[in-house]
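Scroll down for the structure; my scribbles are underneath it.
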Amino acid sequence: MNLPNFLTLIRMALVPVFLVFFYLGQGGAQVYAILSFAVFIIAAGTDMLDGYIARRRNQITNFGKLMDPLADKVLTTSAFIVFVDMHIIPAWMVVVILAREFAITGLRSVAASEGVVIAAGLSGKLKTIFQMVAIGLILLGSAIGNDPFTHGIWVVVSAAGMVCLWIAVALTVYSGIEYLWNGRKLLNMK
């Protein structure tokens, strides 16, 4: 077990902690909303850190190739699902995001069966960044709270979160099309 893989496992382990704090924070306990935001930021930070360390130390493993993107997807989709549950974001956005994830996972499975590795492209990385920023801003808005003293800040942060989410959805669609187009030969689509 190397450090990058350990960080990936930490990210996976933080997901239920983040979710519990988020739900407790929605009950009006501001401290839990703040903790939910903090745990998410730590988990998202491990995503940047594990990849950097793995490349720098040449510690790229098959475990990391599998678990790092899976940990990202578990973290982001968990957040999106609870946001839908709490009526913070529309469900159709999450359906688009999940459909893309399933399609590209399927494509990667077909590619792997042919001995081909499909690495993450720039559009896929940008998609993940915007998803995480959107989630972070939505959580920050929840942590700030919408009361008379913080209303202005809450409006700006919440609006920025939704703008980032719209960008993330657009990048999700674009990157999904890009991956499928580039992998069409693997799918016998000529």
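Just so it is clear, none of the values below were taken in a lab; they were calculated from the coordinates. Not measured: the values here are computed from a predicted model. All Cβ positions, glycine included, derive from the backbone under ideal geometry; neighbour counts span all protein chains shown.
The table for this structure:
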quantity: Per-residue HN-Hα couplings for the range 146-157 [Karplus 6.51, -1.76, 1.60; θ = phi - 60°; Hz; x = Gly/Pro]; calculated: 10, 10, x, 7, 10, 4, x, 5, 4, 4, 5, 5
quantity: Order of H151, H87 - criterion: other Cβ atoms within 10 Å of each residue's Cβ, fewest first; calculated: H87, H151
quantity: In degrees, nearest ten, helix 30-56 long axis to first principal axis of the chain (Cα); calculated: 30 degrees
quantity: Dipole magnitude of the chain, debye to nearest 20 (Cβ charges: Lys/Arg +1, Asp/Glu -1, about Cα centre); calculated: 700 debye
quantity: Label assignment, Cα extents along the principal axes in Å derived from the structure, set (1) 58, 39, 24; (2) 51, 37, 37; (3) 49, 35, 32; calculated: (1)
quantity: Protection proxy ranking of 94-102, 160-168, 27-35, 115-123 - average other beta-carbon atoms within 10 Å, highest first; calculated: 160-168, 94-102, 27-35, 115-123
quantity: Degrees between helix 3-26 axis and first principal axis of the chain (Cα, 0 to 90, nearest 10); calculated: 30 degrees
quantity: Estimated dipole of the range 53-148 in Debye, rounded to 20 [Cβ of Lys and Arg +1, of Asp and Glu -1, Cα centre]; calculated: 500 debye
quantity: Set of aspartates and glutamates with alpha-carbon distance to K73 below 14 Å, sequence-local pairs under 8 removed; calculated: D47, E101
quantity: Top positive-direction residue, dipole computed over the range 3-182 with Cβ charges, set T61, G124, A111; calculated: T61
quantity: Gain upon complete extension [L122, M1; 0.36 nm per residue less C-alpha separation]; calculated: 40.8 nm
quantity: Dipole-positive endmost among V84, V74, S142 within the chain (Cβ charges, Cα centre); calculated: V74
